[in-house]
Structures are given as structure tokens and as C-alpha cells.
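The structure appears right after this line, and notes come after that.
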Amino acid sequence: ALAAAWREVAGDPGAAIGVPAETPVDDDVLARRHEVLAEVQEHYYAAPPRIERGWREHLIDVNGRVYLDMVNNVASVGHAHPRVVEAGSRQMHLLNTNSRFHYRAITDYADRIAATLPEGFDTVFFVNSGSEATDLAIRLAMAATGRPDIVAMREAYHGWTYASDAVSTSIADNPHALSTRPDWVHTVDAANSYRGKHRGADAEKYAPEAVAVIDELAASGRPPAGMIAETYFGNAGGVALPEGYLGAVYAAIRRHGGLAIADEVQVGYGRLGEWFWGFQQQGAVPDIVAVAKSIGGGHPLGAVVTRREIADRYRTGGYFFSSTGGSPVSSVIGMAVLDVIEQEGLQENARVVGAHLKRRLEELGKKHDLIGTVHGSGLYLGVEFVRDRETLEPATTETAAICDRLLELGVIMQPTGDHQNVLKIKPPLVVTRASVDVFVDALDRVLTTGY
Ligand code: PLP
């Protein structure tokens, strides 16, 4: 019945993208694909789906079965959005090459990105991913200040490249996090107001403690080049930072001549219901912003945005070059994504559908004790499962089983966090109220009937 309901919501996805609903696939190819997928995804699902194509907030497997994709901030404007597809293919016919010259597509797009940020952000570096963006942001801070030390928040994830991995201390995403951390990385406590050492009303204690770490570093003769932090605590499942946190730590960093780096790779571009940016919710403005995921709508694209005087200090003695970062195709795709977000009112959709979804999940929390709390805002939410609401013992195995059951019901979901006990909810921004209702109903059913 659920599958039929899906088809009703999704229409005929094959027809929408001009491909027959079922593409015959060779059995051997299928078997091999299944093997590879199982290896990659065993972390998430007992029996991973064999996905072949996407449409809006839906994914379709090799048998034509339709799933609701509730965990995809890469396909920000929905899978296979026709305007994005068209923009990319048209540019492929014209030109796609390295970024040696200032092609019109690239400079127009850089201007457009800069215009979405607060005044003063006038310089954009293009790269191919979130890891490259945070890595470059760190190098930029080091070069601009002539210092080696970086402050980062514990339990965060910023990427897999050398510098971005070094500041990623999330054990779930990087099992080697602690043993490989170089001595230029200095960590402060994870400002997780739900599960961190200060709970609830004491959450505001995190900022003074982080400021103390920064002050001590400076007093010991190692004033940091900068501090990197996600503006929303993504790894923990979309936990908002305590009010005023970023303002306080940014001020401390700047007091000692360092730079504030905002990792907006997860939440940037409309997910919180505003043009951006977690830092706007905090009323704080960073010096360097790293973005990726959503901006490419599925295409590999990342960017670092900063002010000219910071960029100029980095460029002294050399220049930045990424062969395919912000290529003409990437740039027109990025531009189409921005157009769609604006013209289809997707920020508004994130606000309205996100608020409805959060309300419904909180209602579910009154019925099922396993739901410890619901984090987040807009279309960046987290459902944290605990065995005991007082001790907050994480319901890790239950969360994995719940994801498997949801998958059987056609909903793609994934555990996150250092305890893998949070459902991180980040569907494409085009997700409808009807779709999120199907998700909540499925979750209710799983929690009621067993997992
Ligand atoms: N920063 C944050 C907050 C992320 O969540 C991620 C990826 O999950 C990254 C950076 C790295 O991005 P990518 O996987 O595109 O390299």
C-alpha cells in the first residue's frame, strides 16, 4: 500500500526524466553492484537498496521501486531537476575546461555567491568538494596570519583531506581521529546542549570554556590562526549551538589576531529557511566561509568565500589553482541551483515543511519513549533515540534496526553521531508536506510494531 502511495506522490518518475521506468540490467552487473554497495553501505543498512535513478525527493531502485530520500543535502533542489540538467548539458556542448581563464560563467557565478553573503565577502575560491573547501579555508587562515595553530570543536566532521581530516575529531566518521591528530590542532568541547557535559540551561557554559582554551593558547605564545566550527552541530544530528556561542568564540579568536572559519557545508543554501547560514541564526559573522554539498545540486562543487584582504595575504608568493574547481559546467549548474532555490521558493519550503515535520516528530516523541528529543530547524532535523531520557543511554542498535525497517517501508534514513543513535533528517529542499507525512507515519509504524 505504501509503495502504491509513493507512486501516487511521485507520479511516473521514469517518464518525468524521459527514461522507461524499468531499465533491464545484466544479472552479473547487478550482482557485482550489490556486492560493492553492500560493502560501502553495510554501515547503514542490512540490505542496501540498489538505487539507479532519482527524481525530486525520491530514489528509484533497479526494480523500479520508489523510495523517499530523507537524507540527502547534496541533491538540494531534488534529484534530476530539469533546469539543472539542462543548464549542465547545454554548457557541456559549449565548453568545459580548466579554470585558467576568467570565463563569464565562472565570474558571474562567483558574483552571485558573494551576493548571498553579508557585505564584505567579495572573493570566492572554487573547489570540488566540502573537504577541499574546509582544507583551503584552514590553509587560508594559516597563510593570512602566518601562524600554524587551529582550534576546532570535538566530535565534528570537516572532511577527509589532510587539514580537514586533522580537525575532524568525530570518531564515527574518522576512526583514526584521535591517533592521527597533529599538534597544530587544539580542540574545545563539543557544544552539544543535549548530550554534552553541560545540559539544558547550562549550555551557555560552552562558550566561556572555548574562549578560555583560545586565551590560554595565546598566553602560551601560540595565538591561533583561526577556529573552525560548523555553525550547526551536524555530526550530532543537527543540534543548534547554544545561543551566542559563535559570537563569543569569534570575538576571542579575533582579539588574538586569528580568523573565524564557518563550515557551512551541511546547512548552507536554504536548508535552515534563510539564504544561509547557521552563523546568521547566531547573529555572528565569520571571516572565511566554506560551502559545498547543496551548492552543486549533486554535481561536485565547493567554494571558499572570504574578504579580499584575507585572500590577498594568501596569494602573496603564489596563487591558488584548482583545475576543475568551479569549471564552466560546475558554475552554470551552481547558478541554476541558486535560481531554482530562489524561484521555486525553496527556503520558504524549508521553513514551512520543516516546521510541520518538527511538530509531527515532537508529537511522536510524546508517544514513544525511545525518542529522547528532536533537534534542529528548517529541513535540518535530528531524532535522537535513547534508552533512558534521564541517563541518555544511546539506543544505537535500535537506531540501526529502525533504519532497516524504514527502508523496508520505502524510506531512506541513516544513523549519525558518535553513538550512531540519531536520525539525521536532511531531505532535498523540494520535499513536500505529503512526503514528510509518509516518513513520520512510517516511523510511527516502526516504533509501534517493532524493529
Ligand atoms: N564539512 C561538513 C560539515 C561535512 O558534513 C562534510 C561531509 O559530510 C564535509 C565538510 C566534507 O564534504 P565532502 O564529503 O564533500 O568532502
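The values are calculated or read from the model by the stated rules, or taken from the named source; none is laboratory data. Remember, predicted model here, so these are calculated numbers, not experimental data. Cβ placement follows ideal geometry from the backbone for every residue including glycine, while neighbour counts extend to all protein chains displayed.
Do we find that Ala311 is closer than 30 Å to Ser99 by Cβ, out of contact with any His (no Cβ under 9 Å at 6 or more places or on another chain) and buried (at least 20 other Cβ atoms within 10 Å of the Cβ) in this structure?
yes
Can you say whether Gly298 is more than 16 Å from the ligand (Cβ to nearest atom) and surrounded by fewer than 24 Cβ atoms within 10 Å (Cβ to Cβ), as far as the supplied structure shows?
The answer is no for Gly298.
Count, please, the residues in segment 78-97 that happen to be in contact with a Pro (Cβ under 7 Å, 6 or more places away or on another chain), buried (at least 19 other Cβ atoms within 10 Å of the Cβ) and in a loop (DSSP other than H, G, I, E, B).
Number of matching residues: 1.
Go through segment 403-445 residue by residue and tally those that are hydrophobic (A, V, I, L, M, F, W, C), crowded, with 24+ Cβ neighbours inside 10 Å and not in a strand (DSSP E or B).
7
Would you be able to tell me the number of residues in segment 131-170 that are among the acidic types (Asp, Glu), in contact (Cβ under 8 Å) with a residue 40 or more places away in the chain and more than 8 Å from the ligand (Cβ to nearest atom)?
Of the residues in segment 131-170, 2 are among the acidic types (Asp, Glu), in contact (Cβ under 8 Å) with a residue 40 or more places away in the chain and more than 8 Å from the ligand (Cβ to nearest atom).
Sort out which residues of segment 260-271 are on the phi < 0 side of the Ramachandran plot and more than 14 Å from the ligand (Cβ to nearest atom), and write them in order of number.
Hit for segment 260-271 is Ala260, nothing else.
For segment 395-409, state whether one or more residues are among the polar types (S, T, N, Q), out of contact with any Asp or Glu (no Cβ under 6 Å at 6 or more places or on another chain) and over 27 Å from Arg351 (Cα atoms).
yes
Mind listing just one residue for me: the one in segment 228-241 that is of a type in the set (Val, Ile, Thr) and near the ligand (Cβ under 10 Å from one of its atoms) and, of those, surrounded by the most Cβ atoms within 10 Å (Cβ to Cβ)?
Here the answer is Ile228.
Residues checked against (1) within 15 Å of the ligand (Cβ to nearest atom); (2) surrounded by 19 or more Cβ atoms within 10 Å (Cβ to Cβ):
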site	(1), (2)
Gly258	no, yes
Gly273	no, yes
Ile288	yes, yes
Asp339	no, no
Arg359	no, no
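Being within 16 Å of the ligand (Cβ to nearest atom) and within 30 Å of Arg315 (Cα to Cα), is that true of even one residue in segment 191-210?
no
Which of the residues spanning segment 124-151 are out of contact with any Gly (no Cβ under 7 Å at 6 or more places or on another chain) and outside any helix (DSSP H, G or I)?
Val124, Phe125, Gly146, Arg147, Pro148, Asp149, Val151
Within segment 363-401, take every residue that is charged (D, E, K, R) and more than 15 Å from Val422 (Cβ to Cβ) and give me the one that is nearest to the chain's Cα centre (by Cα).
Glu363
Does segment 318-333 contain any residue that is buried (at least 17 other Cβ atoms within 10 Å of the Cβ), within 16 Å of the ligand (Cβ to nearest atom), part of a helix (DSSP H, G or I) and modelled with pLDDT of 95 or more?
Within segment 318-333, one or more residues are buried (at least 17 other Cβ atoms within 10 Å of the Cβ), within 16 Å of the ligand (Cβ to nearest atom), part of a helix (DSSP H, G or I) and modelled with pLDDT of 95 or more.
Determine, yes or no, whether Pro118 is within 29 Å of Asp189 (Cβ to Cβ), within 24 Å of the chain's Cα centre (by Cα) and more than 16 Å from the ligand (Cβ to nearest atom).
Yes, satisfied.
Can you confirm whether segment 273-285 contains a residue that is of a type outside the set (Phe, Trp, Tyr), under 22 Å from Arg195 (Cβ atoms), in a loop (DSSP other than H, G, I, E, B) and over 11 Å from the mean Cα position of the chain (by Cα)?
yes
For segment 124-135, give me each residue that is more than 18 Å from Leu338 (Cα to Cα) and either of a type in the set (Val, Ile, Thr) or touching a strand residue (DSSP E or B) at 6+ places or on another chain (Cβ under 7 Å) (or both).
Result: Glu132, Ala133, Thr134.
Just need a number here: residues in segment 237-285 that are among the acidic types (Asp, Glu) and either more than 20 Å from Ala156 (Cα to Cα) or out of contact with any helix residue (DSSP H, G or I) (no Cβ under 8 Å at 6 or more places or on another chain) (or both).
Adding up the residues that qualify gives 1.
So which of Val19, Val66, Val85 is of a type outside the set (D, E, K, R) and modelled with pLDDT under 90?
Result of the check over Val19, Val66, Val85: Val19.
Hey, does segment 214-227 have a residue that's within 16 Å of the ligand (Cβ to nearest atom) and modelled with pLDDT of 95 or more?
yes
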